[in-house]
Amino acid sequence: MSPDAKSMAFWVNGRENLLDLINLESGLGSRLFNRVTFRDFGQRYSEDAIAWSSDGSTLWSIEQEVQEPAGWALSGLTPILIDEEGRVERFAPPQHQAGPLDGIDWVGGDGLAVAKFGTKGSYYRPMRGDISPTLAMIDVPAGKVLDTIVIDDAEVLQQRAASNHDFNYFSSASVQLPDGRIRTLLQFPRVVDRTYGQDAMAWSNDRRFLPAAWLTWTQGQTPVEMPAPFGFSPAHSELSPDGAHALVWRPLQPEGVIHIECFQDCPPLPEVTPVKDTIAALVDTETGDTLWKVEATAREAWNTFGGAVISPTGEFALIALPSEGRRQMIALLSMNDGRILQRFSPSCNGCFTSSFGFTRGGDQMWIAAYGSLAFYDLSQR
């Protein structure tokens, strides 16, 4: 959804990778064939390299030369800006000695981004031998690299490099601070320590793990490492507008067999054990302190797409909750204390919300679910 709530963008998965821009008022739009091998930045939810410009009139994205039909990369990424009529403006990618640009996570709507250089050599044809993968903060319109970190700059990176887990196995959340600098939160999951044991790659009891960890990196400063709030559980985080806090959400599920969807002549569902635990928490990005938590109970298996979104004003947040009676639940939270102000379930029985968010001024929220789009006015409480 664009910040002015007038347009939506869809980047379909698959070989064609169609990128659609739709004006919600007129119903008109444009469609581009845009197959990109490196369209995702890390492992977080909905991490495709698309972002609306600040005024909502154009869309930032990327393009790439790709080998057909296999999909191997023949080039690095080229940043692009697309208008609603499908016109494309291309930008020369910032250059770095580490290698080609092969990952972008847009920050805001003015062309700033966190980027990767020389991190995916085996996915190119011919394969590349880049030996110093680099994470960078860049300004695309200016063609500048603003700051960089390499493996030697943090212990968590050194540990994963030794076990062949480099800059391609993490999730990220980024924001532009009030002073103009970029702050990014890198979230590394628990992984097997492949330096331990005679056959560390084998599935055996003789394995050791590298713990999940966070790395907070502010432009111009040394990255700061801290423990991950939920341990080895997978989690998705969103930074507050001032970068001081992270809203952490995890896909809480019941214990037991997760069944496959069935719509006709279905057998009885297997029994599961409800799980009550923390589904979201607000964490200080500098100290790692938890300021508040949201508890939830997962009584049935559910589609955990969604994560967390913070309003532009920093007053409210939206998170996905476990379904109830096979109906997807969305919660509106107060960012002050984590209270659930209201629950929403706009989707049909057995259907699940596809996305949700806030408009630019933070005075409206929206929820999209299976062909429907609902807007809600927000009032201060």
Can you tell me which of (1) open to solvent by 20 Å² or more (accessible area, probe 1.4 Å); (2) in a strand (DSSP E or B) is the one residue 361 doesn't meet?
(2)
With the checklist (1) surrounded by 19 or more Cβ atoms within 10 Å (Cβ to Cβ); (2) within 21 Å of the chain's Cα centre (by Cα) in hand, flag the one item residue 73 doesn't pass.
(2)
Could you run through the stretch 309-347 and say how many residues are assigned to a loop (DSSP other than H, G, I, E, B) and either open to solvent by less than 20 Å² (accessible area, probe 1.4 Å) or under 26 Å from residue 283 (Cβ atoms) (or both)?
11
With (1) buried (at least 20 other Cβ atoms within 10 Å of the Cβ); (2) assigned to a loop (DSSP other than H, G, I, E, B); (3) more than 19 Å from the chain's Cα centre (by Cα) as the list, and residue 306 as the residue in question, which single condition is left unmet?
(3)
Restricting attention to the stretch 244-261, and to residues there that are modelled with pLDDT of 90 or more and part of a strand (DSSP E or B), which single residue is most open to solvent (accessible area, probe 1.4 Å)?
255
Residues that are within 20 Å of residue 102 (Cα to Cα), among the small types (Gly, Ala, Ser) and touching a residue at least 60 places away in the same chain (Cβ under 8 Å), drawn from the stretch 141-193
171, 172, 173, 174
Within the stretch 155-180, work out how many residues are at pLDDT 85 or above, crowded, with 21+ Cβ neighbours inside 10 Å and out of contact with any strand residue (DSSP E or B) (no Cβ under 6 Å at 6 or more places or on another chain).
1
How about the stretch 262-284: which of its residues are open to solvent by 30 Å² or more (accessible area, probe 1.4 Å) and in a strand (DSSP E or B)?
272, 273, 276, 277, 284
Confirm whether residue 291 is assigned to a strand (DSSP E or B) and either more than 15 Å from residue 240 (Cα to Cα) or among the hydroxyl-bearing types (Ser, Thr, Tyr) (or both).
no
Across the stretch 226-243, what is the total count of residues that are among the aliphatic types (A, V, I, L, M) and either without any contact (Cβ under 8 Å) to a residue 12 or more places away in the chain or open to solvent by 30 Å² or more (accessible area, probe 1.4 Å) (or both)?
1
Does the stretch 348-358 hold any residues that are open to solvent by 60 Å² or more (accessible area, probe 1.4 Å) and at pLDDT 85 or above, and which are they?
none
Would the stretch 339-347 turn up any residue that is at pLDDT below 95, under 22 Å from the mean Cα position of the chain (by Cα) and more than 29 Å from residue 174 (Cβ to Cβ)?
no
For the stretch 369-380 the number of residues that are at pLDDT below 85 and either farther than 25 Å from residue 322 by Cα or surrounded by 17 or more Cβ atoms within 10 Å (Cβ to Cβ) (or both) is 3
Pairing a residue in the stretch 121-138 that is open to solvent by 100 Å² or more (accessible area, probe 1.4 Å) with any residue that is of a type in the set (Gly, Ala, Ser) and assigned to a strand (DSSP E or B), where Cβ atoms lie under 6 Å and the two sit 6 or more apart in sequence or on different chains, gives 123/73
Does residue 50 satisfy the condition of being open to solvent by 20 Å² or more (accessible area, probe 1.4 Å), at pLDDT 90 or above and either closer than 19 Å to residue 172 by Cβ or aromatic (Phe, Trp, Tyr) (or both)?
yes
Looking at (1) of a type outside the set (S, T, N, Q); (2) open to solvent by 20 Å² or more (accessible area, probe 1.4 Å); (3) over 22 Å from residue 184 (Cα atoms), find the lone condition where residue 288 falls short.
(3)
Is it true that residue 48 is within 23 Å of the chain's Cα centre (by Cα) and within 30 Å of residue 233 (Cβ to Cβ)?
yes
Filter the stretch 120-155 for residues that are assigned to a strand (DSSP E or B) and in contact with a Ser or Thr (Cβ under 6 Å, 6 or more places away or on another chain); which is farthest from residue 61 (Cα to Cα)?
150
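The values are calculated or read from the model by the stated rules, or taken from the named source; none is laboratory data. Since this is a predicted model, take the numbers as computed values, not measurements. Every residue, glycine as well, gets a Cβ built from its backbone with ideal geometry; the counts of neighbours run over all protein chains shown. These accessible areas exclude ligands, DNA and RNA; they are computed on the full protein's heavy atoms, side chains included. Shrake-Rupley method; radii C 1.70, N 1.55, O 1.52, S 1.80 Å.
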